[in-house]
Every structure is written in structure tokens, then in C-alpha cells.
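Q: Below is the structure I would like to discuss, written out as C-alpha cells.
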Amino acid sequence: MMLLLKKYNRAQSFFPLVLSCRNISRKKQVLLTDLVQKKPEDLRRHQIYDYFIVLDFEATCERSKLTYDQEIIEFPAFKVNSSTYQIEECFHSFVRPTIQPILSEFCMQLTGITQFQVDDKPTLKEVMQLFDIWMEKHVLSDNKNFIFCTSGDWDLMKMLPSECKMKNLTLPKYFYPYVNINKSYALTMGKWPRLGKGRLHAMLRLLDLEVFGELHQGTSDCENMIRIMEVLSKKGHIFKPTSTS
Ligand code: AMP
Ligand code: MG
């Protein structure tokens, strides 16, 4: 096998070589052929899911206030083709907070979201209805399989369930299970991305990727996640659910 792989590095295709190995069963020959004919970048075509729905919420916050009923203020989700890593569809809405309608200075600075951008926007209940329509049209109707992907467990394990509970909203089942790409990174690279400016920033730095846009802005966080996922995929990572529910 090692010999075959070495040969492959020199000559791009060696289908005839595999077929000439008479002592290898036909089934194994086919498997070997399949494996060795793929260039490393083709490994990303071996994903379980046809589409990744990459999502990153921004929410109300206060400096160093941990016990805080946060509300989602930005709701972006990108439908990403798992073979090409191209964004095929986007959903984006700012969300008007209703419990604490005035954004803190800290929150506006961190997320770049202004009071004006949320003031006349739909509430979470309305945005979730719009998102449901988007999901039906662009994801659920085309019989392809998909999984949501986030950086960390905060978005789908904590933020969305707690706000839905607080506002008595139904949490759609399609969000679960999901992929925490920080865990995908750890599985591929053998260690968790170090914190510092946050795991997303750490993963970009450790993978030699430039930061796209501004961190803590929902759409650029999604774009950065997609670029991280593409690199992990090229390294052979198969994205699988990391959440239990
Ligand atoms: P992120 O996806 O990392 O941009 O963070 C999502 C949300 O977590 C932000 O919109 C804030 O509500 C909160 N958050 C992130 N970083 C901080 C921080 N350093 N201090 C307080 N809240 C934060
Ligand atoms: Mg973010």
C-alpha cells in the first residue's frame, strides 16, 4: 500500500498498476483504485452531508456580565456546498431585542451592530418564521442531507434554546444534531485551538488563514468558519455531529 501511495505521488494516476496486482482481490483492487486515484484535495468530496448550514449568532451583551438574559440580534446562516465550499444561499436578518431593546455601548463596539440596525427589525419570533420559510425553500425541499455547523456550543446548545424557552418559542428540530467546528479542528489537528482572542481567531491563525472581515460580526464569522472547514476537509476531515441532541 505504501509503495502504491509513493508511486501515486510521482505519477498522477496509476489505475493500471493497481489492476496488475494479481494477488489483491477484485473488491480490494476497486477500493484501492478508488483511494489512490483521489488527490488530497478530492478528499473533501467524501463528506457525509451534501450541505453545511453555517450559522453564527450575535447577541446583546454587557462587559463582564455573565448572568445575563441575552437576546439574539444578528441571525446569519449560509448554505454551503460540501464539495466546493461555495455559498449557495444566504439567510441574514438583524433581530430586534424585546427584553432589553437598548444595546449597550460595549455590545455595539464588540459586534459593530448599531441601535439603528436593530430598531425596526423583526423580533426573534418573526425571524424564526422567516428562517423556517428559507429552510423549506432552500434546504428541506431538495432531498439532500445537511447539518448545521457553528464555532462552539454557545449558539445552538445555549443561546437559541434559552431564548426560545424564555419567549415560549418552538425550537425547530432541524438544528440538531449539529457540528461544533472547534471540535472538528481538535479531532483533525490533535489539539484544541488556544483561546486568546477566541477560538475562531486561534483556528485561523493556526491554519495560516487571514482573518476575513471583523471578528464578532455574524456574516464574517460564518465566512471565516467556512474557510476553516474547507482546510480541515482538505486535510481529510469528515464532518460528523458533535452534539448529543
Ligand atoms: P461571537 O460569535 O464570538 O462573535 O460571539 C457571540 C456573542 O457572544 C456576541 O454577540 C456577544 O453577545 C457574546 N460575546 C462574545 N465575546 C464576548 C466578550 N468578550 N464579552 C462579552 N460578550 C461576548
Ligand atoms: Mg459571531
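The values are calculated or read from the model by the stated rules, or taken from the named source; none is laboratory data. Nothing here was measured: the structure is a model prediction, and the numbers come from that model. Methodologically, a virtual Cβ is constructed for each residue, glycine included, from the backbone with ideal geometry; neighbour enumeration extends over all protein chains shown. Surface areas here come from the heavy atoms of the whole protein model, side chains and all, with no ligands, DNA or RNA. Shrake-Rupley method; radii C 1.70, N 1.55, O 1.52, S 1.80 Å.
Q: Are any residues in the stretch 98-114 free of Cβ contacts under 8 Å to residues at least 40 places away in the same chain and closer than 13 Å to GLU62 by Cβ, and if so, which ones?
A: Once the filter is applied, which keeps residues that are free of Cβ contacts under 8 Å to residues at least 40 places away in the same chain and closer than 13 Å to GLU62 by Cβ, the stretch 98-114 yields ILE102, GLU105, MET108, GLN109.
Q: Being buried (at least 19 other Cβ atoms within 10 Å of the Cβ), within 15 Å of ligand 2 (Cβ to nearest atom), under 30 Å from VAL118 (Cα atoms) and not β-branched (Val, Ile, Thr), is that true of even one residue in the stretch 188-197?
A: no
Q: Has the stretch 223-230 got any residue that is within 21 Å of ILE48 (Cβ to Cβ) and open to solvent by 20 Å² or more (accessible area, probe 1.4 Å)? Steps first, answer last, please.
A: Going residue by residue through the stretch 223-230, those that are within 21 Å of ILE48 (Cβ to Cβ) are 225-230.
Right, trim to open to solvent by 20 Å² or more (accessible area, probe 1.4 Å) and you get 227, 230.
So far as the stretch 223-230 goes, yes, one or more of its residues are within 21 Å of ILE48 (Cβ to Cβ) and open to solvent by 20 Å² or more (accessible area, probe 1.4 Å).
Q: A further question follows. Could you grab me the full set of residues in the stretch 210-222 that are open to solvent by less than 10 Å² (accessible area, probe 1.4 Å) and either more than 7 Å from ligand 2 (Cβ to nearest atom) or farther than 18 Å from GLU89 by Cα (or both)?
A: Result: SER220, CYS222.
Q: Is the stretch 172-181 home to any residue that is open to solvent by 10 Å² or more (accessible area, probe 1.4 Å), over 19 Å from ILE53 (Cα atoms) and not small (Gly, Ala, Ser)?
A: no
Q: Right, next: Could you check how many residues of the stretch 187-245 are on the phi > 0 side of the Ramachandran plot and out of contact with any Leu (no Cβ under 6 Å at 6 or more places or on another chain)?
A: Selection size over the stretch 187-245: 5.
Q: For the stretch 162-234, please list each of the helices (runs of 4 or more DSSP H) lying entirely inside it that holds at least 3 residues being more than 16 Å from ligand 1 (Cβ to nearest atom), farther than 24 Å from GLN47 by Cβ and not β-branched (Val, Ile, Thr).
A: Because the criterion is at least 3 residues that are more than 16 Å from ligand 1 (Cβ to nearest atom), farther than 24 Å from GLN47 by Cβ and not β-branched (Val, Ile, Thr), no helices (runs of 4 or more DSSP H) in the stretch 162-234 meet it.
Q: Then there is this: What tally of residues in the stretch 115-134 results from selecting those that are open to solvent by 30 Å² or more (accessible area, probe 1.4 Å) and of a type in the set (A, V, I, L, M, F, W, C)?
A: 3
Q: Would you check which residues across the stretch 100-113 are among the aliphatic types (A, V, I, L, M) and either within 16 Å of ligand 2 (Cβ to nearest atom) or at pLDDT below 95 (or both) and list them?
A: Selection gives LEU103, MET108, LEU110, ILE113.
Q: Which one is farthest from ILE133 (Cα to Cα) among residues in the stretch 45-97 that are β-branched (Val, Ile, Thr), away from ligand 2 (no atom under 16 Å from the Cβ) and in contact (Cβ under 8 Å) with a residue 40 or more places away in the chain?
A: ILE48
Q: Going by the structure shown, is SER243 part of a helix (DSSP H, G or I) and of a type outside the set (Phe, Trp, Tyr)?
A: In short, no.
Q: If you check PHE75, PHE146, which single one turns out to be crowded, with 20+ Cβ neighbours inside 10 Å and modelled with pLDDT of 95 or more?
A: Of the residues listed, the single one that is crowded, with 20+ Cβ neighbours inside 10 Å and modelled with pLDDT of 95 or more is PHE75.
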